[in-house]
Structure formats: structure tokens, C-alpha cells
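Colleague: This is the structure I want to talk about, given as C-alpha cells.
The values are calculated or read from the model by the stated rules, or taken from the named source; none is laboratory data. From a predicted model like this one, the values you see are computed outputs, not experimental measurements. We place every Cβ from the backbone using ideal geometry, glycine too, and count neighbours over all the protein chains shown.
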Amino acid sequence: MKVRENSYRSIWLAGDGRQVEIIDQTRLPHEFVIVSLVTLDDAAHAIREMLVRGAPLIGATAAYGMCLGLVQGASDADIDRIAETLVACRPTAVNLRWAVQRMSEALLSVQEDDRIKTAYAEAGKICEEDVAVNEAIGVHGLKLIQDAWDRKGGQGEVRILTHCNAGWLATVDWGTALAPVYKAHEAGIPLHVWVDETRPRSQGAALTAWELDAQGISHSLIVDNAGGHLMQRGQVDLCIVGTDRTTASGDVCNKIGTYLKALAARDNKVPFYVALPGSTIDWTLDDGFAIPIEERSQDEVLWVSGKTGDGRIEEVRIAPETTPAANPAFDVTPSSLVTGLITERGLCPASRQGLEGLFPERGQ
Ligand code: MRU
């Protein structure tokens, strides 16, 4: 996507063909900083501390993390150790495990001497596929926005609510939930996006708003509790969110607060869609409540970071010194609340039958 007239992806290989470059997402929206990843530890740190985040981008970074780790040793035991280090970084997004497994299988199938070359080739493929898959999600999701526009008789604008950041920054490019938005904007459909702030890390305020602003798409930042009210007042035509892990039966795990939006959408008959690549489906799980939910630091809740009037980035505490916090980072929206899934292979109901219809090779 374009950032000030330059095209960027969220991760790319540096000029030496070995180091990996990323946009440090902890510095957005106030600073655009590119960081080089040189070692396995750099990649693990980037994932754990959320310099990169979003399920598909976590997977892509882990793939390159395996490349960086092999420099120290490329035996079968090294591959297992590197894989374990990366998988331990964040527990919920299944794309991490998916990418590491795919890399391990590719590496174990070749001789030790060929492993670094094979690793970079496979990581590059994962990234290219991610871009193509997300663009396809955009094309399929565009139909939903076009239908909403047609239902409005071509009047006004299509108002879409999204939660967290499932835009191009969360993937290698295009995004999942925002890919249909970008395609609809390209197609000339008037849009307005309601951007949930997404406390505690404010991915909506910091990342989604920044992305939409850069693409010139009309949007408003709203506090996390405003969505239900807007839906009651008929000001939301559809919701589109991403997911970190979707079970084989269509339960959707996504950023904390997604479930409440799905409940409000159901109560107000607002269609609630989830956009996801096939790599986000966990075919080993049926029950969404079996998904491990990442519990993050209390400090993310107790402190907020922002830019002061005189341009300094500062952190301030927002609760009494002695108040503790709980910080579950994700929640599960049962499939019954999901109107449909938008995948690279088309739309389907959030159900085992629906998913197996699109991905028959994964069905049992
Ligand atoms: O904690 P994060 O910022 O990694 O969480 C990201 C999300 O919840 C996204 O909605 C999800 O990964 C979908 S990304 C296309």
C-alpha cells in the first residue's frame, strides 16, 4: 500500500537478501520507523513486543525468523529449537504455528547445506501467497459492499464498522477485513468506516485510522463502547472484522471486544462478517473455547501512550497506583453470531460444512 506516494509492504527482504525489514508498528501513528531484523532473537522480540502483529504478519515474520535462526546452525535439532522459540512468542494467532510448521517441513525435506536457501525461498513464497490471498479476500468481500450499496439505491455511503487492525499492516499487504474496503474504494463506492479504538493497545486508533487516512478513505474513530449505539441508530450497514484463529466449526477468535460487537450486530440485524485466509483456520479444533487466549501485561491497561501538545511521545497512568488490571487480549465469537466468512476462495457460512465446502482438501 502507498505511504506518502511510496509503496510498502509490512515486511520485506533487505538489499543484502538476508536481513529482514519491518515497519515498527509500536511507533505508529506518530512515527514511521523501519527496523532491521538480523537474528532469530530480533524476530522473536518483534513478534512478542508487537513491532509486528496481526495473525498473517506474525506468520510471515516467523517464517523469516526461521531463516535468520538457521545461520547459527541448520541441523534437525536446530530447526526444532528455532521453531519452538518462535511458536512460544504469541499463543493465539494460529498463523504462527502454521507458518513455522510449513517452514519446518520444507527444511527437513532437504539436505542441511541447502536449508538456508530453501528457507528464504519458502518464506518469500509465504509472503507472496499472503498478498495474493488477501487480494482475493478483497475481491470476494467487495461483492458484499456492492450489495449493501445497491440496497441503499446508490444513495449516501456504505458504513462499515471494524475492530482492531485487520488492514495491510496486519498482513503482508491488503489486509483481511480492510481488503474489501480497499477494493470498494478503488471501485468508487462511497464508504465511511467506523474505527473501534480497540483498547488497550489501540490498534484501531493507531493503525487502522492511519491506514485509512493514508488511502484517503472517510473514517471516524469511535470508542469501543460506541458501536452498539450506532447500530441501534441504523448507522452501520455491515461489520467486517479479522480473526486470529477460526475453528473448523466456524467459531471466531479475534481481538478482545469483537464478541460484544457481534452481539450488538445480531440484536440490530446488522450483517457481521469475518474475513480470513485459509491459514487462519485451525482444523484441529472444533470448539472456540479451546483456543488459548493470550493474557498480556497489566501495564497495557493501566498506562496509555500518546503525543503531547508539544510533540513528545509520553506514557501516562490512568488508574490509581494500587489498582491491578486484567488484560485478556482476545475473545471468541460463536459461529452462530457470524453472518458469513470471507475467504480467498469465496464466502461461506461460519460452519464446518461451509468451511469444508471451500477447503475440501482439509475436511475429514
Ligand atoms: O494483538 P494483535 O494486534 O496481533 O491482534 C490483531 C487482531 O486481532 C486482528 O484482528 C487479527 O489478527 C486479524 S489480522 C488480519
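Colleague: Which of the strands (runs of 3 or more DSSP E) contained wholly in segment 1-111 include at least 1 residues that are outside the structural domain of Arg312 (by TED's automatic domain parsing) and within 16 Å of the ligand (Cβ to nearest atom)? Walk me through how you get there before you give the answer.
Modeller: Numbers: elements: 11-13, 20-23, 34-37.
Once the strands (runs of 3 or more DSSP E) in segment 1-111 are filtered for at least 1 residues that are outside the structural domain of Arg312 (by TED's automatic domain parsing) and within 16 Å of the ligand (Cβ to nearest atom), what remains is 11-13, 20-23.
Colleague: Where residues in segment 324-364 are in contact with a Leu (Cβ under 7 Å, 6 or more places away or on another chain) and assigned to a loop (DSSP other than H, G, I, E, B), which of them is farthest from Ile145 (Cα to Cα)?
Modeller: For segment 324-364, the residue satisfying everything is Ala325.
Colleague: Which numbered condition in (1) over 20 Å from Glu31 (Cα atoms); (2) touching a strand residue (DSSP E or B) at 6+ places or on another chain (Cβ under 9 Å); (3) within 16 Å of the ligand (Cβ to nearest atom); (4) in the same structural domain as Ser297 (by TED's automatic domain parsing) is the only one that Val133 fails?
Modeller: (4)
Colleague: What are the pairs, 6+ residues apart or on separate chains, where a residue within segment 102-123 that is within 18 Å of Glu84 (Cα to Cα) has its Cβ under 6 Å from a residue that is hydrophobic (A, V, I, L, M, F, W, C) and not in a helix (DSSP H, G or I)?
Modeller: Arg115/Ala74
Colleague: Okay, moving on. Output the residues belonging to segment 212-260 that are surrounded by fewer than 17 Cβ atoms within 10 Å (Cβ to Cβ) and among the basic types (Lys, Arg).
Modeller: Of everything in segment 212-260, just one residue is surrounded by fewer than 17 Cβ atoms within 10 Å (Cβ to Cβ) and among the basic types (Lys, Arg), namely Arg233.
Colleague: In the set Gly188, Gly154, which member is modelled with pLDDT under 95 and more than 30 Å from Leu40 (Cα to Cα)?
Modeller: Details: Gly188 fails: modelled with pLDDT under 95.
Result of the check over Gly188, Gly154: Gly154.
Colleague: Then there is this: Quick one: Asp150 ticks every box in (1) free of Cβ contacts under 8 Å to residues at least 40 places away in the same chain; (2) more than 16 Å from the ligand (Cβ to nearest atom); (3) surrounded by 18 or more Cβ atoms within 10 Å (Cβ to Cβ); (4) not assigned by TED's automatic domain parsing to the domain that holds Arg53 bar one, so which box is it?
Modeller: (3)
Colleague: On the basis of being in contact with a helix residue (DSSP H, G or I) (Cβ under 8 Å, 6 or more places away or on another chain), within 16 Å of the ligand (Cβ to nearest atom) and either at pLDDT below 95 or of a type in the set (Val, Ile, Thr) (or both), does Val270 make the cut?
Modeller: Working: in contact with a helix residue (DSSP H, G or I) (Cβ under 8 Å, 6 or more places away or on another chain): yes; within 16 Å of the ligand (Cβ to nearest atom): no; either at pLDDT below 95 or of a type in the set (Val, Ile, Thr) (or both): yes.
In short, no.
Colleague: Looking at (1) exposed (fewer than 12 other Cβ atoms within 10 Å of the Cβ); (2) charged (D, E, K, R); (3) assigned to a helix (DSSP H, G or I), which is the one condition that is false for Glu321?
Modeller: Evaluating Glu321 over (1) exposed (fewer than 12 other Cβ atoms within 10 Å of the Cβ); (2) charged (D, E, K, R); (3) assigned to a helix (DSSP H, G or I) leaves (3) as the failure.
Colleague: From the list Leu276, Leu238, which residue is within 12 Å of the ligand (Cβ to nearest atom) and at negative phi?
Modeller: Numbers: Leu238 fails: within 12 Å of the ligand (Cβ to nearest atom).
Selected residue: Leu276, the only one of Leu276, Leu238 that is within 12 Å of the ligand (Cβ to nearest atom) and at negative phi.
Colleague: Looking at segment 179-187, is at least one residue assigned by TED's automatic domain parsing to the domain that holds Arg27, more than 12 Å from the ligand (Cβ to nearest atom) and crowded, with 24+ Cβ neighbours inside 10 Å? Lay out the reasoning, then the answer.
Modeller: At the first step, the residues of segment 179-187 found to be assigned by TED's automatic domain parsing to the domain that holds Arg27 are none.
Within segment 179-187 (the criterion being assigned by TED's automatic domain parsing to the domain that holds Arg27, more than 12 Å from the ligand (Cβ to nearest atom) and crowded, with 24+ Cβ neighbours inside 10 Å), the answer is no, since none of the residues qualifies.
Colleague: Filter segment 275-309 for residues that are surrounded by fewer than 16 Cβ atoms within 10 Å (Cβ to Cβ) and polar (S, T, N, Q); which is farthest from Pro200 (Cα to Cα)?
Modeller: Of everything passing the filter in segment 275-309, Thr284 is farthest from Pro200 (Cα to Cα).
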